[in-house]
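K.L.:
My structure is below; once you've seen it, I'll send some questions.
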Amino acid sequence: MGKVIIPIGPQHPALKEPESFSVTLEGEKIVDVNLRLGYNHRGIEKACEERTYIQDIYILERVCGICSHSHSTCFVQTVEEIAGVEIPERAKYIRTIVAELERIHSHLLWLGVAGHEIGFDTLFMYTWRDREIVMMILKKVTGNRVNYGINTIGGVRRDISQELLKEILTSVDALEERTKYYIQVATQETTLMNRLLNVGKLSHEDAVLTGAIGPTGRASGIDSDTRRDDPYAAYDKVTFKVIVDNHNDVYGRTLVRVLELMEAYSIIRQSVQNMTEGPITVKVPRKIPAGEAFGRYEAPRGEDVHYVKSNGTEKPERVKVRAPTLANIKPVLKMLENYNLADLPIIVAAIDPCFSCTDRTLLIKDKKSNKSKIMDWESLRKYSIEWYKKRGIGF
Amino acid sequence: MNMIRPGKMIRQVLSSLIKKPATIKYPYVKFEMPENFRGKIKFYPEKCIGCKLCVRDCPSNAITITKVGEKKFECEIRLDKCIYCAQCVDSCLKKALESTGEFELAQLDKKKLKEIFHAQSEDGIKKET
Amino acid sequence: MATALFYILIFPGFLFLAVFGLAVEFVDRKLYARLQNRVGPPWFQPLADFIKLLAKETIIPDKAEKLIFKLLPFFALTSVVATILYIPIWGTEAIFSFNGDIIIVLYLLSIPTLTFFLAGWYSKSLFSMIGAIRALTQFFAYEVPLFIVVLSPALLAGTWSLSKMAEFYNQHPGYWLFNLIGFGVAVIVLLGKLEKVPFDIPEAETEIVAGSFTEYSGMLLAFFRLAIDIETVVCAALLAAVFLPFGLGLSPILGFSLFIIKVLFIVALISLLRTVFARLRIDQMVNFCWKYIAPISFLQLLINIILGAVLVK
């Protein structure tokens, strides 16, 4: 058949978000991949500059639908650093508990998606059924299933009552039992192993060179975890293992994630045990003093980085978000080389991509004049209203 | 290394045959939201003092508070703009706002997505504006 | 003439097969859902899907070969409908039978796969073409074991006619138990033929959208899907006739019920198998077929040759 270039995306069943891989195939073998991002640029950073710090928490929470707590915590921590506030002990524990519950829900979700990508829908259905347990407990603790809204500058918005803490512990027990079963499935089911082992190899050197982070990096032997290396919230008060694996392939990434689930259960148990009564917020003035700070947070997908610059007003001067997927995109292109087309969905899924979170800026140049146009907020708004009006959608 | 077994999930799968499906048949079977669920916002006009902190903090500009008389305030909440973060509930010093467990808010008519809480007039009867 | 038309169009031909095929699709989907702890579709879902697809616009790609593109679903449909006439449904008598009809049946059953290949090829779309090539590659991997295992019981019976075979096993009750290895192989091979997980490689959704059927829509897709449903029934009926030939002497009503039960049993087995596996890669599938399935089918052949010499003589 010779070489063909097939378009995987922007709309394709394997991809849950719009991004475009142009895959050059030789038969079934991938020889070259061209990635284009930027289909889902939402202008979040710019929008943050137009809003107050409190409003920004909610807009940044919506950067990602799955690691929403990660982004809001990262931002809030950064702002607290600029303002120089130390949040109460209990708030730290609550942040840790919600963060780990979120990690559980994210990793269970990933396990299901991975199953779906290799045609194992049963695994998908079962993991998502069990994920419902953690979603329910998150809803009870925070008041919503996805956008928890638990953070505020200077602490957390809601306390967790004793009964709820008990309920968290019982659901963690139930989840732990299920996770043990999934570890068995992942390590014993033959067809699953066939599809995961030795697929999407990323050697330790390549992982370091391309800058893989999170479970992707840890599966290639990179021993780094922000929770341990630069502890935030209450992570310095609990003990946990950083899961590192040397399989270097999709199987290793699966193992890292399921074993991280077990660690998350232990972290939650320790946090619940260590928690002491006390206030959950400290008062922070609406105007944050001038300064800048850089925040790191270990999101389920890897290290999340926020940079905030304050100019002494109610609104930040600059907010920069680096979602973990951006760091993992270069490794994924490396991983795809010389594998089958059939392996593409699972290799891409193995970094747990979140492409909408990644899209920050997009520069579109006119091909003829090689010039790009700069539009300000108002003209963009006008343009979008016009665009929709032409298609019969009024405002 | 563990033993490799084809069809590892077969026992789990077969046991599901005698179990009830995990699915909640949602529109037919309703379920209750937990008490601190962040649903539709309710406004108590008699408690409002018109400080407009909620308007300032609302991330999506969904709230408008208008003064309709001496110490009387009216609130309009745009349900289509609201992101149900309940920041206004936290911001309110007088607890004039409250989040409820109501979450079935989809509407075909855009006009119904605007909820106005009228201030009570002197005689306690709702005044149409 | 009138009776022949009745056979072809109504019973056990098109109408019966269409209804049964949709019913079997429902059983498959419902069981699949229940095995996954879901609710699953209501009983009319396959019919509703079919009617919905009929009502949809049919889009034919500009570059596709229009005539062949339109004809292929009907080729697939007619070939599977024709097959049922040679398969004994109840009792030992098929509607038409002659010595060698077993070859015809296997031959007719390979036509749908070929139409899938051609459909993909003539769609002139990249995803379809990859699907088409995969369908053909897979076809070569499973077809040989399928032929061998279906022919081994015939070897034991010493006939090339399905009806005569049924008669033989009816006279020698219990002999079908010798073919159980073959039955196992045939069920696995059937997964490949019907393109179900773990062998749904030609239409792997997350890789190549819908494989051969990517460009099909509306009525044409509806008939392709109906053809696949009917293929499921016919393949299950073939397996029932070849590997489960018991209770053939019953009255028509009882015999017919038994036939339905046999078909549903095979379909349930397929549903169960497709629940517990992940999709294999095409190279793994071909490997698996030649490394394990083909030798096992040869083993069945060997057993039957020896048994044939010992028992039947």
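The values are calculated or read from the model by the stated rules, or taken from the named source; none is laboratory data. Predicted model, so just to flag it, every value in this text is computed and none were measured. Every residue, glycine among them, receives a Cβ derived from its backbone with ideal geometry; neighbour counts consider all protein chains shown. Quick note on the areas: whole protein, heavy atoms, side chains included, nothing else; ligands and nucleic acids left out. Shrake-Rupley method; radii C 1.70, N 1.55, O 1.52, S 1.80 Å.
K.L.:
Give me the number: length gained by fully extending residue A:372 to residue A:174, i.e. 0.36 nm times residue separation minus the C-alpha to C-alpha distance, one decimal in nm.
P.N.:
Length gained between residue A:372 and residue A:174: 65.8 nm.
K.L.:
A further question on this structure: When the Cα centres of the range A:255-315 and the range C:149-219 are compared, how far apart do they sit, in Å?
P.N.:
The distance from the Cα centre of the range A:255-315 to that of the range C:149-219 comes to 57 Å.
K.L.:
When only Cα pairs under 8 Å and 6 or more residues apart are kept, what is the percent relative contact order across chain A?
P.N.:
24
K.L.:
Work out which trypsin sites (Lys or Arg not before Pro) in chain B are exposed loop sites (DSSP not H, G, I, E or B, at most 11 other Cβ within 10 Å) and give the longest gap free of them.
P.N.:
Details: sites that count: B:19, B:25, B:30, B:71, B:95.
Longest run free of exposed loop sites: B:31-70.
K.L.:
From the backbone phi of the range A:224-229, what are the Karplus-calculated ³J(HN,Hα) couplings (6.51 cos²θ - 1.76 cosθ + 1.60, θ = phi - 60°) in whole Hz, Gly and Pro given as x?
P.N.:
9, 8, 4, 4, 9, 6
K.L.:
Got a sec? What order do C:216, C:7, C:175 fall in by accessible area at 1.4 Å, biggest, i.e. largest, first?
P.N.:
Highest to lowest solvent-accessible surface, that is C:7, C:175, C:216.
K.L.:
Sort chain A into rounded, prolate or oblate with this rule: let a ≥ b ≥ c be the square roots of the eigenvalues of the Cα gyration tensor; rounded if a/c is under 1.5, and if a/c is not under 1.5, prolate when a/b is larger than b/c, oblate otherwise.
P.N.:
Oblate, since a/c reaches 1.5 and b/c is not below a/b.
K.L.:
Out of the range A:323-395, which trypsin sites (Lys or Arg not before Pro) are coil in DSSP terms and have no more than 15 other C-beta atoms within 10 Å?
P.N.:
Passing sites in the range A:323-395 are A:367, A:368, A:371, A:373, A:391.
K.L.:
Across the residues of A:112-119, average count of Cβ atoms on other protein chains within 10 Å?
P.N.:
Values: counts 0, 1, 1, 1, 3, 6, 10, 15.
For peptide A:112-119, the averaged partner shielding equals 5.
K.L.:
Classify the range C:239-313: rounded, prolate or oblate, from the alpha-carbon gyration tensor (a ≥ b ≥ c, eigenvalue square roots; a/c under 1.5 rounded; otherwise prolate if a/b is larger than b/c)?
P.N.:
Because a/c hits 1.5 or more and a/b fails to exceed b/c, the range C:239-313 counts as oblate.
K.L.:
Other chains near A:23-32: what is the mean number of their Cβ atoms within 10 Å of each residue's Cβ?
P.N.:
1
K.L.:
While we're on this one: Pull up all non-local amide H partners of residue A:298: gap of 5 or more, or a different chain, and H-to-H distance under 5 Å with H placed in the peptide plane.
P.N.:
Answer set, sorted by chain and number: A:227, A:304.
K.L.:
Quote the accessible area belonging to residue B:103 in square angstrom, nearest 10, computed with a 1.4 Å probe and with ligands, DNA and RNA left uncounted.
P.N.:
70
K.L.:
Which chymotrypsin sites (Phe, Trp or Tyr not before Pro) in the range B:1-67 sit in a loop by DSSP (not H, G, I, E or B) and have at most 13 other Cβ atoms within 10 Å of their own Cβ? It would help to have the intermediate numbers written out before the result.
P.N.:
Working: sites: B:28, B:31, B:37, B:43; in loops: B:28, B:31, B:37.
Listed in order of number, the matching sites are B:28, B:31.
K.L.:
Let me ask another. Starting from the Cα of residue C:291, draw a straight line to each of the aspartates and glutamates and keep only those under 18 Å, dropping any in the same chain fewer than 8 residues away.
P.N.:
Of all the aspartates and glutamates, those that pass the test against residue C:291 - Cα under 18 Å, at least 8 places apart if same chain - are C:143, C:283.
K.L.:
Per DSSP H run of n ≥ 4, the term is -39500 (n - 2.57); total these for chain A, divide by its residue number, and report the mean residue ellipticity at 222 nm rounded to 500 deg cm²/dmol.
P.N.:
Result for chain A, helices only: -15500 deg cm²/dmol.
K.L.:
Let me ask something else about it. Any idea which of A:299, A:251, A:262 is furthest toward the positive side of the dipole for the range A:240-395, if Lys and Arg beta-carbons carry +1 and Asp and Glu beta-carbons -1?
P.N.:
Ranked along the dipole, the leading option is A:299.
K.L.:
Excluding same-chain residues fewer than 8 positions from residue B:25, which aspartates and glutamates have a Cα within less than 18 Å of its Cα?
P.N.:
Partners found: A:130, A:132, B:104.
K.L.:
Let me have the 222 nm mean residue ellipticity of chain B computed from DSSP H runs of 4+ only, each contributing -39500 (n - 2.57), with the sum over all residues rounded to the nearest 500.
P.N.:
The helix-only estimate for chain B comes to -2500 deg cm²/dmol at 222 nm.
K.L.:
List the GluC sites (Glu not before Pro) within the range A:24-127 that DSSP assigns to loop and that have no more than 13 neighbouring Cβ atoms inside 10 Å.
P.N.:
A:50, A:86
K.L.:
Let me have the relative contact order for chain C, percent, based on Cα pairs under 8 Å that are six or more residues apart.
P.N.:
Value for chain C: 28 percent.
K.L.:
Residue A:288: net charge of surrounding residues, Cβ under 12 Å, Lys/Arg +1, Asp/Glu -1, itself excluded?
P.N.:
Net local charge, residue A:288 excluded: -2.
K.L.:
Kyte-Doolittle cut-off -1.0, length cut-off 18 Å along the helix's own axis using Cα: show which whole DSSP H helices in chain A pass.
P.N.:
Flagged H segments are A:68-83, A:89-117, A:121-142, A:162-188, A:250-274, A:324-336.
K.L.:
Putting +1 on Lys and Arg Cβ atoms and -1 on Asp and Glu Cβ atoms, find which of C:237, A:234, C:199 reaches farthest to the positive end of the dipole of the protein assembly as shown.
P.N.:
It is A:234.
K.L.:
What longest region of chain B stays clear of GluC sites (Glu not before Pro) that DSSP places outside H, G, I, E and B and that have at most 14 other Cβ atoms within 10 Å? Write out the running numbers ahead of the final one.
P.N.:
On the way: sites that count: B:32, B:35, B:70, B:102, B:104, B:122, B:128.
Maximal segment without exposed cleavage sites: B:36-69.
K.L.:
Next question. Would you mind checking the pairs C:30/C:56; A:287/B:114; A:140/B:40 and listing those with alpha carbons more than 27 angstrom apart?
P.N.:
Working: C:30/C:56 25 Å; A:287/B:114 32 Å; A:140/B:40 16 Å.
Pairs exceeding the cut-off: A:287/B:114.
K.L.:
Relative contact order (percent) for chain B, with alpha-carbon contacts under 8 angstrom and 6 or more residues of separation?
P.N.:
With pairs under 8 Å counted, the relative contact order is 28 percent.
K.L.:
Something else now. In what order, largest first, do A:228, A:269, C:279 sit by accessible area if the probe radius is 1.4 Å?
P.N.:
A:228, A:269, C:279
K.L.:
Pull up the cross-link candidates among the lysines for residue A:334, meaning alpha carbon to alpha carbon under 20 Å and not fewer than 8 places away within one chain.
P.N.:
Cα-Cα hits under 20 Å: A:3, A:29, A:201.
K.L.:
Continuing with this model, one more query. Report, in listed order, any pair from B:42/B:81; B:47/B:67; B:81/B:112; C:52/C:193; B:19/C:196; A:315/B:94 with a Cα-Cα distance greater than 19 Å.
P.N.:
The pairs that break the limit, which is 19 Å between Cα atoms, are C:52/C:193; B:19/C:196; A:315/B:94.
K.L.:
Taking the Cα centre of each part, how many Å lie between the range A:167-216 and the range A:17-91?
P.N.:
23
K.L.:
Filter the DSSP H helices in chain C by two things, a Kyte-Doolittle mean of at least -1.0 and an axial alpha-carbon span of 27 angstrom or more, and list the hits by number.
P.N.:
C:14-35, C:66-84, C:101-123, C:126-157, C:218-243, C:252-276
K.L.:
Answer with one residue from C:95, C:299, C:210: the one whose Cα lies farthest towards the positive end of the charge dipole of the protein assembly as shown, charges on Cβ with Lys, Arg +1 and Asp, Glu -1.
P.N.:
Ranked along the dipole, the leading option is C:210.
K.L.:
Starting from the Cα of residue B:14, step 7 Å along the direction of its Cβ; do the same at residue A:26; then give the gap between the two resulting points in nm.
P.N.:
4.7
K.L.:
Here is a follow-up. Is there a simple number for the mean count of other chain Cβ atoms within 10 Å of the Cβ of residues in B:37-44, and what is it?
P.N.:
Details: counts 6, 8, 2, 0, 0, 0, 0, 0.
For peptide B:37-44, the averaged partner shielding equals 2.
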